[in-house]
Amino acid sequence: MNLLELARTNGNPIIEGNRVTFAWKGKSAPRFIDDIHMWEDNLQKMKRIARGLWAYSIELDSAAYLEYSFYNPRTKKRVKDPLSKRPPPKAVALEPLRLEGVLLL
């Protein structure tokens, strides 16, 4: 299964070991923001991995807790994660490699 199929089937993010990957489908990608990188103070660029498919990956400790969102720098607004299948609470927590939470809006 490719990244987009995994995200559509299992929801964002995709977790492989300690590597967490967030996928975005569209002509362009928003920025990725999270509490580790100080939110809007340090926007993370997503990498184009195929036509219309973008990704941002981060290595996390197995006990990590991460709050995240996508961010449109033109409108300066946070963007809902369209591939997340998880309802809020507004965070991702890894408990020995298991996703517990969700998206921050």
Whole-Hz couplings from phi, Karplus 6.51/-1.76/1.60, listed for region 48-63; x for Gly and Pro | 6, 10, 6, 4, x, 10, 10, 8, 9, 10, 8, 8, 10, 5, 4, 9
Express in nm, to one decimal, how much length is gained between residue 2 and residue 74 on full extension, taking 0.36 nm for each residue of separation and deducting their alpha carbon distance.
-> 22.9 nm
Considering amide H positions built from the backbone, and no H for Pro or chain starts, which residues 5 or more places from residue 85, or on another chain, come under 5 Å of its amide H?
-> 12
Estimated vicinal HN-Hα couplings, Hz - region 73-82 in sequence order (Karplus 6.51, -1.76, 1.60; Gly, Pro = x) = x, 6, 8, 6, 10, 6, 10, 4, 7, x
Among region 2-16, those whose backbone N falls under 17 Å of a label point 7 Å along Cα→Cβ from residue 62 are 15-16
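All of the numbers you see were taken from the coordinates with simple rules; none came from a lab. Quick caveat: nothing in here was measured; it's all calculated off a predicted structure. Here Cβ is always computed from backbone atoms with ideal geometry, including for glycine, and neighbour counts include all displayed protein chains.
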